[in-house]
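The values are calculated or read from the model by the stated rules, or taken from the named source; none is laboratory data. Small disclaimer: the values here were computed from a predicted structure and weren't measured. Neighbour counts are summed over all protein chains in view; Cβ atoms, including those assigned to glycine, are modelled from backbone coordinates with ideal geometry.
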Amino acid sequence: MATNMRDIKREIKSKQNMKQITKAMEMVAASKLRKAQEGATAARPYADKLKEVVASIAAGTKDVKHPMLETRPVKKTGYLVITSDRGLAGGYNSNILRKVTQTIKEKHQSTDEYVLFVIGRKGRDYFRRRNMPIVEEVIGLPDAPTFADIKSVANAAVQKFAEGVYDELYLYYNQFVNAITQIPTESRLLPLEEIGEGTSVAAYEYEPSPEGVLEVLLPKYAETLIYSAVLDGKASEFGARMTAMGSATKNATKMISQLTLTYNRARQAAITQEISEIVAGANAQS
């Protein structure tokens, strides 16, 4: 009984230490979530204004030709997948990786039919283990990433589409709704053939020409969408981690309560047994 009580006490101590860690991680994630959410919100006006300008040019210049606006027969597909570098974030990574893997299995018969661009160590390792073709990767992003941190992969993804390496590009990321809800999202990034549809033409003057401005802005617009998704993904990551660590803390509290109850019952049983032995010994001597 004494050995069993020592084991239970050791378990209680272990769970208390675990609770301290998960509680600290929950608080850190909550602090980072606020900053990440502010960053994602601050980036949206720029992306919206850029889209407005690009759409206005595309709507007002019907004869303009650009690879990023033209739909072509799909022979090869590109996928840009945004994950995190670290785990302990609930289903944040597994949900998005499951979604893109299912899509690839349904659409492609071999690895020659698609390529992958990956942001985040979890996604990189996942695809590597399955020998899936990664052409560009970025890992080790800071908690508040700048565009420079993901410029290489964003530029490569857009440039290879313009060069005809593949015929469409899909973006996979977790859309941030709130700390509890993050939606695994699939978005077709390229081509942008619908960007000018239903858009009123604003009274802009372009130098040197609308076509020249569009030539520069279209790649920037696509890269901005990727960066905006990265910021959304960071907010989703911290929200998912905060929720996961909060649940872990609650579970640890529950386990500590159950173990404490078991320990108290074992101690009461040991005391009762000792009293019974004392009484039995006294009765034997009388």
Quiz item: What are the residue pairs meeting all of these: first residue in the stretch 96-119, first residue in a helix (DSSP H, G or I), second residue among the aliphatic types (A, V, I, L, M) and buried (at least 16 other Cβ atoms within 10 Å of the Cβ), Cβ atoms under 6 Å, and 6 or more apart or on different chains?
Solution: VAL100/VAL81
Quiz item: Which one of the conditions (1) over 18 Å from ALA222 (Cα atoms); (2) assigned to a loop (DSSP other than H, G, I, E, B) does THR71 fail to meet, given that it meets all the rest?
Solution: (1)
Quiz item: Just one of the numbered conditions (1) in contact with a Lys or Arg (Cβ under 7 Å, 6 or more places away or on another chain); (2) over 30 Å from ALA24 (Cβ atoms); (3) among the hydrophobic types (A, V, I, L, M, F, W, C) is not true of LEU259; which one?
Solution: (2)
Practice problem: Kindly provide the set of residues from the stretch 131-167 that are surrounded by fewer than 17 Cβ atoms within 10 Å (Cβ to Cβ), in contact with a helix residue (DSSP H, G or I) (Cβ under 8 Å, 6 or more places away or on another chain) and either hydrophobic (A, V, I, L, M, F, W, C) or within 15 Å of VAL81 (Cβ to Cβ) (or both), ordered by number. | Solution: PRO133, ILE134, VAL135, ILE139, ALA144, PHE147, ALA162
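Within the group GLU237, GLU277, which residue is at pLDDT 95 or above, over 24 Å from GLU52 (Cβ atoms), part of a helix (DSSP H, G or I) and of a type in the set (Asp, Glu)?
On the way: GLU277 fails: at pLDDT 95 or above.
Sole residue among the options that is at pLDDT 95 or above, over 24 Å from GLU52 (Cβ atoms), part of a helix (DSSP H, G or I) and of a type in the set (Asp, Glu): GLU237.
Yes/no per residue for (1) of a type in the set (A, V, I, L, M, F, W, C); (2) part of a strand (DSSP E or B); (3) under 14 Å from the mean Cα position of the chain (by Cα):
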| site | (1), (2), (3) |
| --- | --- |
| ASP143 | no, no, yes |
| ILE150 | yes, no, no |
| ALA154 | yes, no, no |
| LEU189 | yes, yes, no |
| TYR221 | no, no, no |
| THR224 | no, no, no |
| SER228 | no, no, yes |
Practice problem: Please specify each residue of the stretch 13-43 satisfying the condition of being buried (at least 18 other Cβ atoms within 10 Å of the Cβ), more than 19 Å from ALA144 (Cβ to Cβ) and either among the β-branched types (Val, Ile, Thr) or touching an Asp or Glu at 6+ places or on another chain (Cβ under 9 Å) (or both). | Solution: THR22
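Of the residues in the stretch 125-140, how many are part of a loop (DSSP other than H, G, I, E, B), at negative phi and either touching a residue at least 40 places away in the same chain (Cβ under 8 Å) or of a type in the set (A, V, I, L, M, F, W, C) (or both)?
Filtering the stretch 125-140 down to residues part of a loop (DSSP other than H, G, I, E, B) leaves 130-133, 139-140.
Applying the additional criterion that residues be at negative phi yields 130, 132-133, 139.
Retained after the next criterion (residues that are either touching a residue at least 40 places away in the same chain (Cβ under 8 Å) or of a type in the set (A, V, I, L, M, F, W, C) (or both)): 132, 139.
So the answer is 2.
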